[in-house]
Amino acid sequence: MRSTALLLATAKPLFDWVGLLKVFGISIAFALVTVVLVSCTVRLSAAATSSVGAKRFGALALAIVFAAGVAAIVIYGIVIMMSK
Amino acid sequence: MTNNIVLALVVVTALGFDFTNGFHDTANAMATSIATKALKPKVAVGLSAVLNLVGAFLSLSVAATIAKGIVNADLVTLNVVFAGLVGAIIWNVATWYFGTPSSSSHALIGGVVGAMLVHAGSSSIKWSGVFGKVLIPAVIAPVVAAICAALAVFVALQITKRGEEKTTGAGFKFAQIGSASLVSLAHGTNDAQKTMGIITLALIANHNLGASASVPLWVVIACGTAIALGTYFGGWRIIHTIGKGLTELNTPQGFAAETSSAAVLLASTHFGVPLSTTQVCSGSVVGVGIGTGNKVRWRVFGEMVAAWLITLPSAGIVGALVFWLANAIGGSAGVAVMLGAMVVVCAIFYVLSRRTPVNADNVNNEWGSDHEPIEASFEATAA
């Protein structure tokens, strides 16, 4: 009984469930952050085209900041590919 | 001399596999961009081809050894590799004919496992590896991607629901091209390397390279070119299934699907969890359908899942048969005859596909319209 329990405890699992949980969590986090940044960029760009003056400038500036965030994520993705 | 001929045939077959891998997997990255008209079909496959080629050069740390952890690597011979490749190519071409996306890597593993069973018996197979690296991921990958994509599309639509549809649509179209490009690049990096690994191992096994040799430049160029050419030819039948068969897509959904696919693929690469690009991308498309409350054609998705589950045994049966026949004929003649037989089988599928052609001109036809090759093919088979 004890040896069976020991065997079960030391047996290598068929699948890396912990790794999968990490993939699941990180994927959702990255996808949501990217989607939020892109959606805000799109929304702010649309707002900028229909606004004038300081409001237009503010929307455009924010859109550029969000777009820079997206670019940073894309570059990080390429770094992950290259470092594999 | 005989060994050199076999080696040359293995290299040619490996490049053929790389080509089928390219045209089979074009859909993963570009089906949604084509379906939402973010890109014209020819432009989409052209862009994907270039990015696959670039991806092949992006990382050269060829760790992707064939069927690592699944078969006893010491017992793998050139003939086993050849038979495995033939099994994978025939499975890829058959699933392309039916418009069914399936994993080329799983097909290759299946082919090698089948050939190894004939070559060295079941003790040469690490069955835990088969379950852990192929069967369990085949079930889990689409679920993970679907949940991720459902959340992503919900968030995207909530943020932009007050915006003018025309303006936001244009913005998402641009973003979708970016996310699809990232998936193409990841595909080139991952899948071209697998073929590089196969050819390098064959060269090492034949003593043309030292055991610690790096990948020769001609192998990198040949593999990158083969996968890019395959991608450019475009597996239009599969693009039609993913883009039009699973659910209705517009630009925010296409963007959310591709972004989720890219996130899951990059995370799985980073943590070393083997998830198939095909299964992730198909799951993402289903996920955006669920996330927006659109109709999902579960029958089409069910057929895909069934194909994923039988990929390994089907390619395995072909791999086993090819290995047995090649050995029965013997020497390089056996390998050459089997290569010829494979070309004939592929040609038959190609000729059959001309009856209901799907190409850049009709790939965006509505699902169930006159150019509906997949349903028609399945119904014909059932009848």
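Okay, here's what the table says:
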| read-out | value |
| --- | --- |
| Some residue of region B:224-237 being without any contact (Cβ under 8 Å) to a residue 24 or more places away in the chain and surrounded by fewer than 20 Cβ atoms within 10 Å (Cβ to Cβ) | no |
| Within region B:315-333, tally of residues that are of a type outside the set (A, V, I, L, M) and more than 15 Å from B:GLY84 (Cα to Cα) | 3 |
| Region B:158-186 - residue that is more than 9 Å from every other protein chain (Cβ to nearest Cβ) and open to solvent by less than 10 Å² (accessible area, probe 1.4 Å) and, of those, nearest to B:LEU85 (Cα to Cα) | B:SER184 |
| Test: residue in region A:34-45 that is open to solvent by less than 30 Å² (accessible area, probe 1.4 Å), facing chain B (nearest Cβ under 7 Å), modelled with pLDDT of 85 or more and over 17 Å from the mean Cα position of the chain (by Cα) | yes |
| Residue match in region B:271-280 (condition: out of contact with any strand residue (DSSP E or B) (no Cβ under 9 Å at 6 or more places or on another chain), in a helix (DSSP H, G or I), under 23 Å from B:GLY99 (Cα atoms) and not polar (S, T, N, Q)) | yes |
| Complete set of residues in region B:243-286 that are buried (at least 24 other Cβ atoms within 10 Å of the Cβ), facing chain A (nearest Cβ under 7 Å) and of a type in the set (S, T, N, Q) | B:THR259, B:SER260, B:SER268 |
| Selection status of B:VAL62, modelled with pLDDT under 90 and open to solvent by 30 Å² or more (accessible area, probe 1.4 Å) | yes |
| Cross-chain or 6+ apart pairs with Cβ under 7 Å, region B:263-286 first and over 12 Å from B:ILE242 (Cβ atoms), then among the acidic types (Asp, Glu) and open to solvent by 20 Å² or more (accessible area, probe 1.4 Å) | B:VAL273/A:ASP16 |
| Out of B:LEU117, B:LEU108, B:LEU135, sole residue that is open to solvent by 30 Å² or more (accessible area, probe 1.4 Å), under 20 Å from the mean Cα position of the chain (by Cα) and hydrophobic (A, V, I, L, M, F, W, C) | B:LEU135 |
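The values are calculated or read from the model by the stated rules, or taken from the named source; none is laboratory data. All values reported here derive from a predicted model rather than from experimental measurement. Cβ sites come from the backbone with ideal geometry, for glycine too, and all protein chains shown count toward neighbours. Heavy atoms of the whole protein, side chains included, go into the accessibility calculation; ligands, DNA and RNA do not. Shrake-Rupley method; radii C 1.70, N 1.55, O 1.52, S 1.80 Å.
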